[in-house]
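Visitor: My questions all concern the structure below.
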Amino acid sequence: MSNCLARLVPPLFWLMISLITLFLLMEQSKSTPLFPYVDKVMHALIFAILTALGYLAYAKQGKWLYLGIITYGAITEILQGAYTQTRLASIGDWLADVVGVLLCVILINTLNRLPQPHVR
């Protein structure tokens with residue numbers, strides 16, 4: 001990763017944390033889901049992307065980064081239950097967050113084990 005891009009990733013990670021927090025704590029209107037469990041898929045996808053950005057920004061933190069993101073997911077669920085009227089704290093949503101983190105960690109570990117191309 002280029003040095004310029006590497007400097008942009010940590011602020012992007014924190015911007016994403018801020019946006020996720022904002023969206024998860026906004027009141028929501030009733031809507032018909034596109035398919036069953038779309039909410040869980042979105043949680044997993046969002047937290048997989050957050051984990052990938054976190055890894056790019058703070059790869060040396062490893063397990064602490066992943067534990068922090070999983071804890072952040074739990075905290076957002078608690079805050080939804082405490083501070084919103086149209087959202088509930090959901091263990092299912094938090095488990096979907098955890099699945100997203102774990103899937104990303106598996107992908108990261110798999111990619112890190114691939115042979116590196118030789119540069120001439």
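Visitor: Please state which of the following conditions Arg87 fails to meet, knowing it meets all the rest: (1) touching a residue at least 60 places away in the same chain (Cβ under 8 Å); (2) over 16 Å from Phe23 (Cβ atoms).
Guide: Checking Arg87 against (1) touching a residue at least 60 places away in the same chain (Cβ under 8 Å); (2) over 16 Å from Phe23 (Cβ atoms), the one that fails is (2).
Visitor: Hey, among the residues in the range 1-14 that are open to solvent by less than 90 Å² (accessible area, probe 1.4 Å) and either at pLDDT 90 or above or of a type in the set (Val, Ile, Thr) (or both), which one's nearest to the chain's Cα centre (by Cα)? Working first, answer last.
Guide: Start the filter on the range 1-14 by keeping residues that are open to solvent by less than 90 Å² (accessible area, probe 1.4 Å), which leaves 2, 4-6, 9-13.
Retained after the next criterion (residues that are either at pLDDT 90 or above or of a type in the set (Val, Ile, Thr) (or both)): 9-13.
Numbers: Val9: 14, Pro10: 14, Pro11: 15, Leu12: 13, Phe13: 10 Å.
Per the stated criteria, the residue is Phe13.
Visitor: Restricting to the range 49-68, name every residue that is in contact with a helix residue (DSSP H, G or I) (Cβ under 6 Å, 6 or more places away or on another chain) and within 25 Å of Cys4 (Cβ to Cβ). Walk me through it before giving the result.
Guide: Pass one, the range 49-68, residues in contact with a helix residue (DSSP H, G or I) (Cβ under 6 Å, 6 or more places away or on another chain): 50-58, 65-66.
Of everything in the range 49-68, those that are in contact with a helix residue (DSSP H, G or I) (Cβ under 6 Å, 6 or more places away or on another chain) and within 25 Å of Cys4 (Cβ to Cβ) turn out to be Leu50, Thr51, Ala52, Leu53, Gly54, Tyr55, Leu56, Ala57, Tyr58, Leu65.
Visitor: Shifting gears a bit: For the range 1-33, enumerate the residues that are touching a residue at least 60 places away in the same chain (Cβ under 8 Å) and in a loop (DSSP other than H, G, I, E, B).
Guide: Within the range 1-33, Glu27 is the sole residue that qualifies.
Visitor: Among the helices (runs of 4 or more DSSP H) contained in the range 34-120, which hold 2 or more residues that are small (Gly, Ala, Ser), modelled with pLDDT under 95 and open to solvent by less than 90 Å² (accessible area, probe 1.4 Å)?
Guide: Filter on the range 34-120 gives 63-83.
The values are calculated or read from the model by the stated rules, or taken from the named source; none is laboratory data. In this text the structure is predicted, and so the values were computed from the model without any measurement. Ideal geometry is used to build each Cβ from the backbone, glycine not excepted, and the neighbour counts take in all protein chains shown. Just so you know, the surface numbers come from the protein's heavy atoms only, side chains and all, with ligands and any DNA or RNA stripped out. Shrake-Rupley method; radii C 1.70, N 1.55, O 1.52, S 1.80 Å.
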